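Asks: There's a structure below that I have some questions on.
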Amino acid sequence: MYRELAPPPDLAAHVACAWTTVARGGHVLPDGCADLVWTGGGLVVAGPATQPAPAGVPVGTPVFGVRFRLGAAGAALGLPAEELADLTVPVGEVWAPELSEQVAAGGLPALLAAVRQRLRAAEAVDPLARAAALGLARPGARVDTLGDELGISERQLRRRFAGAVGYAPKTLARVLRFQRFLALAARGGDLAGLAFAAGYADQAHLTRECVRLSGRTPAVLLAAGAQPAGERLG
């Protein structure tokens with residue numbers, strides 16, 4: 001069963017949660033966040049995704065990780081988050097390779113200890129990128145007015161956003177709208193109503209975006225038991 005744990009207070013500026021689960025196969029869907037993930041065979045960095053990716057972990061394997069907040073991945077990982085977009089790489093390519101051995105021996109507490117040590121020297125989260133990401137999480141948010149609302153040019157917003165989040169504001173807006181649909185669908189409802197509530201133009205728009213981000217139609221995705229993921233903002 002998937003379970004989320006609130007981060008320790010000293011990690012909360014960068015970390016949204018720690019989590020544990022048992023691998024069930026399938027695909028990992030875009031949620032706007034980057035994670036450190038123990039796969040059973042090693043520790044990897046899963047960058048912010050724009051498309052579904054095979055889980056790549058044998059069914060039944062205990063898996064756990066740490067999820068970084070929206071807009072915090074670049075600061076936490078120490079490199080522009082866009083360099084990890086749609087990639088899953090061994091932790092040694094980003095942090096120290098010996099972390100896999102430490103986490104293998106100590107589990108989630110060892111992973112949290114490693115994150116704590118790393119974040120002592122990490123940059124602060126870019127407040128503008130964080131504010132922009134949170135703004136895009138609001139239903140009805142408009143990307144074309146975001147820069148004006150924050151008092152920054154569109155070019156500077158895109159540059160800072162890509163480094164902090166991993167991709168452009170419009171891409172995050174699409175991902176967060178998709179996650180909003182999954183959260184609403186967990187409470188029930190017909191697809192037309194869910195499309196409207198999530199912020200899509202109509203059900204056809206929902207279907208196109210769902211196929212683009214998950215590889216499945218909304219009906220097939222929900223029938224497979226897809227659940228919302230990412231940072232909990234509500």
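The values are calculated or read from the model by the stated rules, or taken from the named source; none is laboratory data. What you see is a predicted model, and the numbers here were worked out from it, not measured in a lab. Every residue, glycine among them, receives a Cβ derived from its backbone with ideal geometry; neighbour counts consider all protein chains shown. Surface areas here come from the heavy atoms of the whole protein model, side chains and all, with no ligands, DNA or RNA. Shrake-Rupley method; radii C 1.70, N 1.55, O 1.52, S 1.80 Å.
Asks: Residues being in contact (Cβ under 8 Å) with a residue 24 or more places away in the chain, surrounded by fewer than 21 Cβ atoms within 10 Å (Cβ to Cβ) and in a loop (DSSP other than H, G, I, E, B): count how many of those fall in region 148-183.
Replies: Here the count works out to 1.
Asks: Out of region 107-160, which residues are of a type in the set (G, A, S), modelled with pLDDT of 90 or more and over 21 Å from R174 (Cβ atoms)?
Replies: G107, A110, A113, A114, A121, A122, A124 - these are the residues of region 107-160 that are of a type in the set (G, A, S), modelled with pLDDT of 90 or more and over 21 Å from R174 (Cβ atoms).
Asks: Applying the selection to region 63-99, what residues are open to solvent by 50 Å² or more (accessible area, probe 1.4 Å) and among the β-branched types (V, I, T)?
Replies: Passing the criteria: only T88.
Asks: Filtering region 105-120 down to residues that are among the aliphatic types (A, V, I, L, M) and in contact (Cβ under 8 Å) with a residue 24 or more places away in the chain, which residue is surrounded by the fewest Cβ atoms within 10 Å (Cβ to Cβ)? Talk me through it step by step, then tell me what you get.
Replies: Pass one, region 105-120, residues among the aliphatic types (A, V, I, L, M): 105, 108, 110-115, 119.
Add one more test, that the residue is in contact (Cβ under 8 Å) with a residue 24 or more places away in the chain, and what stays is 108, 111-112, 115, 119.
Values: L108: 17, L111: 22, L112: 21, V115: 23, L119: 19.
This residue is L108.
Asks: Pull out all pairs, ordered by first then second residue, where Cβ-Cβ is under 8 Å, the residues are six or more apart or on different chains, the first lies in region 20-43 and is aromatic (F, W, Y), and the second is part of a strand (DSSP E or B).
Replies: Every condition considered, the pairs that remain are W38/V63; W38/F64; W38/G65.
Asks: Oh, and also: Can A226 be described as surrounded by 14 or more Cβ atoms within 10 Å (Cβ to Cβ), out of contact with any Cys (no Cβ under 6 Å at 6 or more places or on another chain) and part of a loop (DSSP other than H, G, I, E, B)?
Replies: Considered against the rule, which asks whether it is surrounded by 14 or more Cβ atoms within 10 Å (Cβ to Cβ), out of contact with any Cys (no Cβ under 6 Å at 6 or more places or on another chain) and part of a loop (DSSP other than H, G, I, E, B), A226 comes out as yes.
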